[in-house]
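Data block below; observations after.
The values are calculated or read from the model by the stated rules, or taken from the named source; none is laboratory data. Keep in mind that this is a model prediction, so the values were computed, not measured. Using ideal geometry, Cβ is built from the backbone for each residue, glycine included, and neighbour counts are taken over all protein chains shown. Note: accessible area is taken over every heavy atom of the protein model, side chains too, but ligands, DNA and RNA are not part of it. Shrake-Rupley method; radii C 1.70, N 1.55, O 1.52, S 1.80 Å.
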Amino acid sequence: MKNLVEGLSDRGFLSVSGGVTRNPVTVTVAYLVVPGCEAAFHRWGWAALRACAREPGFLGGGVLVDGEADWHVVYRFDSEDSARTWESSLTRVEWAAQAEGLARETGRRSVQGSRAWFEAQAATPATPRPPPKWKLWLINMSAVFPPVLLFNLLVLPYIGDLNPLLRTLLLCLCVTAIVTWILMPRLQRFFKKWLYPPIQTMLRGRHKRRAA
């Protein structure tokens, strides 16, 4: 996972385990959270884990976030039977119903054994490929064209008699400053998902394949 939510660093994984079993089962449930509902989903995730902690065989759990909308609720039981008991319980169904309107479940996977769990957490997500050059060209043009046009319409008539070298230098200084500090950061944020398809899309596909 790319980032841990603040609750994880404050409290660590919720844990009631007094020891480590030989073949624990770790379940990771992926959710696509509705924008603006992150805080509510965070509270829901930890409350659901506290309810889960009352079940026999519970070893621990946590709430993870990958990107802006993709979240994961992770919980661990001492055996597959204990995990299945929680999955089929009325309590879990009631908590799942409370998440409606906050998020949509997009995948689920189970990992058996302690070693497999630590290896899964240590895995490094793939680095996204750079965007195509035509996309970069379009973003750069969108950032450069407006200030150049404004400079020619509003400023150039007043400095037309200026030395061409100084006039060009002034144009470059003004345009690059506006592009660097004002336009480009905003364009990159606005077109982030278009320029860099989010890693969480790949994670959702991975979850779906493993669940299938």
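Can you list the residues of the stretch 177-196 with backbone N under 15 Å from a point 7 Å past the Cα of Ile159, pointing along Cα to Cβ?
From the stretch 177-196, the list is 177-179.
Treat each spin label as a single point 7 Å out from the Cα along the C-beta direction, and report the Val144 to Ala97 distance in nm.
For Val144 paired with Ala97, the spin-label model returns 6.0 nm.
In terms of modelled amide H atoms, which long-range or inter-chain residues lie less than 5 Å from the amide H of Ser79?
Val25
Accessible area, 1.4 Å probe, largest first: how do Phe145, Phe190 sort?
Sorted by accessible area, descending: Phe190, Phe145.
Tell me, what ³J(HN,Hα) does each residue in the stretch 51-61 have, in order and in whole Hz, if you take phi through Karplus 6.51 cos²θ - 1.76 cosθ + 1.60 with θ = phi - 60° and put x for Gly and Pro?
5, 5, 5, 7, 7, x, x, 5, 10, x, x
Using 0.36 nm times the number of residues separating Arg189 and Lys135, minus their current alpha carbon distance, what extension gain do you get?
The span from Arg189 to Lys135 would gain 18.0 nm if fully extended.
Tell me, what are the semi-axes, in whole angstrom and largest first, of the equivalent ellipsoid of the stretch 27-91 as set by the roots of 5 times the Cα gyration tensor eigenvalues?
Those come to 23, 11, 9 Å.
Could you give each residue of the stretch 85-102 its phi-based ³J(HN,Hα) in whole Hz, using Karplus coefficients 6.51, -1.76, 1.60 with θ = phi - 60°, and x for Gly or Pro?
Working through the residues one at a time gives 4, 5, 4, 9, 7, 5, 4, 5, 4, 5, 5, 4, 5, 5, 7, 5, x, 9 Hz.
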